[in-house]
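The values are calculated or read from the model by the stated rules, or taken from the named source; none is laboratory data. Predicted model, so just to flag it, every value in this text is computed and none were measured. Ideal geometry is used to build each Cβ from the backbone, glycine not excepted, and the neighbour counts take in all protein chains shown. Only protein heavy atoms, including side chains, enter the accessible area calculation; ligands, DNA and RNA are left aside. Shrake-Rupley method; radii C 1.70, N 1.55, O 1.52, S 1.80 Å.
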Amino acid sequence: MTVIDIGQAVVLGVVEGLTEFLPVSSTGHLKITEGFLGIPVDDQAVVGFTAVIQVGAIAAVLVYFFRDIVRFAAAWGRGLARPEARQEHDYKFAWWIIFATVPIVVAGLLFQPLIKGPLASLWVVAGSLIAGSVVMWAADRFGTGKRGEPETTLPDAMLVGSSQILALLFPGFSRSGATISTGLLRGLDRVAATRLSFFLSIPALTGAGVYELKDAVGGGLDVVPLLVGTVVSFVVAYASIAWLLKFVAGHTFTAFVIYRVVVGVGLLGLLVTGALTP
């Protein structure tokens, strides 16, 4: 039976809230933190715990983008009721988010044994942090950034949504890093790519949290730490969302690329020397 106490839950909640939407990999940072706290990173109850506290971060997205979500939902409802309303971009965008979530759902169901087994390793985290940095650097360098959110297309949404699979399979790659980078490589500007990443996170992370709830509770973890971690992640994630949207409007992702490489190389060093167990 794995036990995560309230203090550890607060720490993990802060890490989740800070890193879920920043392109630095929340899963990677959670696994590193769990390693330092002496929590087994490949324990199914722990994997479930980290998935459940992501719901707090998703709640922050729902609150922060409430008006946008209402707008999309209203347009979707109008389109279902009236054929002439189906030409609205918001109606199409709502469907695109649904369609673009299908690939990660399928991948999540197919690759569960790998995700919870050999891929749940700090060695994978270290390698993925560095590999994801290369992708982010390329997106920053070669993305044209000429299209805004109104110019987003179905292929954009499908490719960005499918890129979430990289983070699902390789903890450390970063879901937000993969999706934002793909959006940039598709020619979206930084704000449009980041907002699309946020909207795609809602069904993906909510579904993961609900799916993993049984493992978190059934694995012997107390409900109180789960609630504490989720609330803390909500508060911290809300602040992170506001900061990131302001940051991307006027900055490249160079700072994140450098940070990821430093953390990845440092983690490799700790693993090689035995200072941290994988």
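Ordering 84, 16 from largest to smallest accessible area (1.4 angstrom probe), what's the sequence?
84, 16
Gain in length, residue 251 to residue 63, computed as 0.36 nm per residue apart minus the alpha-carbon separation, to one decimal in nm?
The residue 251-residue 63 span can extend by a further 65.2 nm.
Comparing 74, 139, 192, which has the greatest mean-square fluctuation in the GNM of the chain with Cα pairs linked when under 10 Å apart?
74
Relative to the compact globular guide of 2.2 N^0.38 Å, what is the alpha carbon radius of gyration of region 222-264, as a ratio? Don't jump to the answer; show the numbers that get you there.
Details: Rg = 14.8 Å, N = 43, 2.2 N^0.38 = 9.2 Å.
In units of the globular-protein estimate, region 222-264 measures up at 1.61.
By how many nm would the segment from residue 98 to residue 142 lengthen if fully extended, with 0.36 nm per residue of separation less the alpha-carbon distance? Before the final figure, lay out each step's value.
Details: separation 44, 0.36 × 44 = 15.84 nm, distance 2.82 nm.
That works out to 13.0 nm of additional length.
For the chain, modelled as a Gaussian network with Cα springs under 10 Å, which listed residue fluctuates most, 116, 31, 146?
Judging by the Gaussian network model, the answer is 146.
Quick check for you: with a 1.4 Å probe and neighbouring chains kept, what is the accessible area per residue of region 6-273, in Å²?
Accessible area per residue: 42 Å².
Full-extension gain between residue 235 and residue 3, please, as 0.36 nm times their residue separation minus the C-alpha to C-alpha distance.
81.1 nm
Let me check I have the definition right: for the chain, take the eigenvalues of the Cα gyration tensor, multiply each by 5, take square roots. What are those semi-axes in whole Å, largest first? Working shown, then result.
Numbers: eigenvalues 188, 97, 52 Å².
Equivalent-ellipsoid dimensions as semi-axes: 31, 22, 16 Å.
Which percent of the accessible area of region 151-277 is formed by carbon and sulfur heavy atoms (probe 1.4 angstrom)?
It is 76 percent, rounded to a whole number.
Given a 10 angstrom Cα cut-off, can you work out which residue in 70, 15, 160 is the most mobile in a GNM of the chain?
70
Which of 7, 47, 169 sits farthest toward the positive end of the charge dipole of the chain, with +1 on the Cβ of Lys and Arg and -1 on the Cβ of Asp and Glu?
Going by the Cα projections, it comes out as 169.
Using only Cα atoms, tell me the angle between helix 190-218 and the longest principal axis of the chain; keep it within 0 to 90° and round to the nearest 10.
Helix 190-218 and the main axis of the chain meet at about 50 degrees.
If you place +1 on the Cβ of every Lys and Arg and -1 on the Cβ of every Asp and Glu, how big does the dipole about the Cα centre of the chain come out, in debye to the nearest 20?
740 debye
Nearest 10 degrees is fine. How inclined is helix 223-248 to the longest principal axis of the chain, computing both from alpha carbons?
Once rounded, one gets 50 degrees.
With a 1.4 Å probe and all protein chains left in place, how much of the accessible area of region 28-142 comes from carbon and sulfur atoms, in whole percent?
Carbon-and-sulfur percentage of accessible area, whole number: 70.
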